Amino acid sequence: MEQQISRQNFNDWMVPVYAPADFVLVRGEGSRLWDQQGKEYVDFAGGIAVNALGHSHPEVKKALLEQAEKIWHLGNGYTNEPVLRLAKKLIDATFAEKIFFCNSGAEANEAALKLARLYGHQQQPGVKNEIIAFKNAFHGRTLFTVTAGGQPKYSADFAPLPPAITHLPFNDLAAVASHISSRTCAVIVEPIQGEGGVLPADAEFLQGLRELCTKHDALLIFDEVQTGVGRTGELYAYQHYGVVPDILTSAKALGGGFPIGAMLTVDRYAELFQPGTHGTTYGGNPLATAVAGKVFDLINTPEVLSGVKKRYQTFIDGLQRINDQYQVFAEVRGQGLLIGAVMNSAYAGQAKQLNQLAAEEGLIALIAGPDVLRFAPSLIIPSDDIEEGLNRLERAVARLCRR
Ligand SMILES: *Cc1c(COP(=O)(O)O)cnc(C)c1O
């Protein structure tokens, strides 16, 4: 007999780095989820921008099962077919000429930052090592990436931190222009700050960063872990802006729920990483890359990408309708299916309460900081599910207002 499991067991057995909801989800299909008691939820969270094709997508499931029959893992002494196929798909669809695979967003950024440091080291050893990052940014939880992130509350307690990382205000090109120098080896930026509150970069800001990086021979790194793989209605967000980075990192939606990360770059920088310089046991594992290859094929179509833009409008209209009646949001922002509804001053700090009420009403959503309710649903969420989810959100908002 298997152990009976309850939410209380989390407190009993898990290192308490999370505070999960007080119910346990056991099954998902498309954009609906069910908990242990059989209660059904609409999923506007998508596993934090991961389940880009919803839950249990039949074709993705088939790719997983087919690969499971063949080979799961080899180690990097041997290459495999799924990884090479996936690399070629990414190269054909983006600026990239070479791909490095890993298992998460943090690892993809870790690779990017190490590559930038290596580049700087080769140009001017001991001098060209500064990394410019932005306040409020999120790049992952390894020591290097959490230090690059712009929320000291996540990094300060782990000091001493890797040095030569400077945080400047996001969307402030003048601040970068006055700080960047020949000592800078990289600038890392999210095209939309996701965890930081769904804050889009201005086009002029990204264009300006591109010019400054080129001028000072620094690598421009776009962290597209959250914005990548169709999330914004383009395959990658850089394609909206017409600004091409030197390195792009991808994870989350790339595996549709199977852990995988990737660093995309061009030959000139890729060749600095040679056998032995960097690596990871699981990176490019055939099971992960077979799933990601199928996810990629399903998302990278004009229908799915334009569908994201249409769904964006449905969300915006629905949120507007709710707000016309209840005036809880100061602003709704974002792009494609990465949307943030900012609580207005009367409800400052109450995004989490609203999210909890939403779950009681049968809607799973996300927050991004204390003031932003965030949505990152499946890119193919059916319109009925959007309508139903918005109705449930409206009930939660009504309850918040009555408090
Ligand atoms: C989630 C996220 C990461 C970290 O990814 P993990 O897979 O959790 O390591 C990095 N950057 C951005 C922009 C993210 O949203």
The FRET efficiency for Glu303 and Ser56, from their Cβ-Cβ distance with R0 = 25 Å and rounded to 0.05, is 0.75
Given a Förster distance of 25 Å, the FRET efficiency implied by the Cβ-Cβ spacing of Glu211 and Asp92, rounded to the nearest 0.05, works out to 0.35
Taking the Cα atoms of the chain, what is the range of coordinates along each of the three principal axes, in descending order and whole Å? 61, 53, 46
Roughly what angle does helix 105-123 make with the longest principal axis of the chain, taking Cα atoms, 0 to 90 degrees, to the nearest 10? 20
Compute, for the chain, the length of the dipole vector about the Cα centre, with Cβ point charges of +1 (Lys, Arg) and -1 (Asp, Glu) only. Units Debye, rounded to 20. 340
Sorted on mean Cβ neighbours within 10 Å (highest first), peptides 179-188, 24-33 come out as 179-188, 24-33
Helix-only mean residue ellipticity at 222 nm for the chain, each DSSP H run of n ≥ 4 adding -39500 (n - 2.57), per residue, nearest 500: -12000 deg cm²/dmol
Taking only pairs that are 8 or more places apart or on different chains, how many Lys pairs in the range 70-299 have Cα atoms under 20 angstrom apart? 14
Theoretical FRET efficiency, 1/(1+(r/R0)^6), r = Cβ-Cβ of Leu161 and Asp317, R0 60 Å, to 0.05: 0.85
In nm, to one decimal, how far is the modelled label at Arg85 from the one at Gln123, with both set 7 Å along Cα→Cβ? 3.9
Antiparallel bridge percentage (DSSP; both residues within the range 70-299; nearest 5): 45
Just need the relative contact order of the chain here, percent rounded to a whole number, with Cα pairs under 8 Å and 6+ apart. 22
Once you sort the root eigenvalues of the Cα gyration tensor of the range 1-159 as a ≥ b ≥ c, which label holds: rounded (a/c under 1.5), prolate (a/b larger than b/c) or oblate (the other case)? oblate
Taking the highest mean first, how do the peptides 359-372, 2-15, 41-54 order by number of other beta carbon atoms within 10 angstrom per residue? 41-54, 359-372, 2-15
Burial ranking of peptide ranges 272-278, 233-239, 107-113 (average Cβ count within 10 Å, highest at the top): 107-113, 233-239, 272-278
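Read-outs throughout are calculated quantities, based only on the coordinates presented, and are distinct from any laboratory measurement. Since the model is a prediction, treat every value here as computed from it, not as a measurement. Note that each Cβ is placed from the backbone with ideal geometry, even for glycine, and that neighbours are counted across all protein chains shown.
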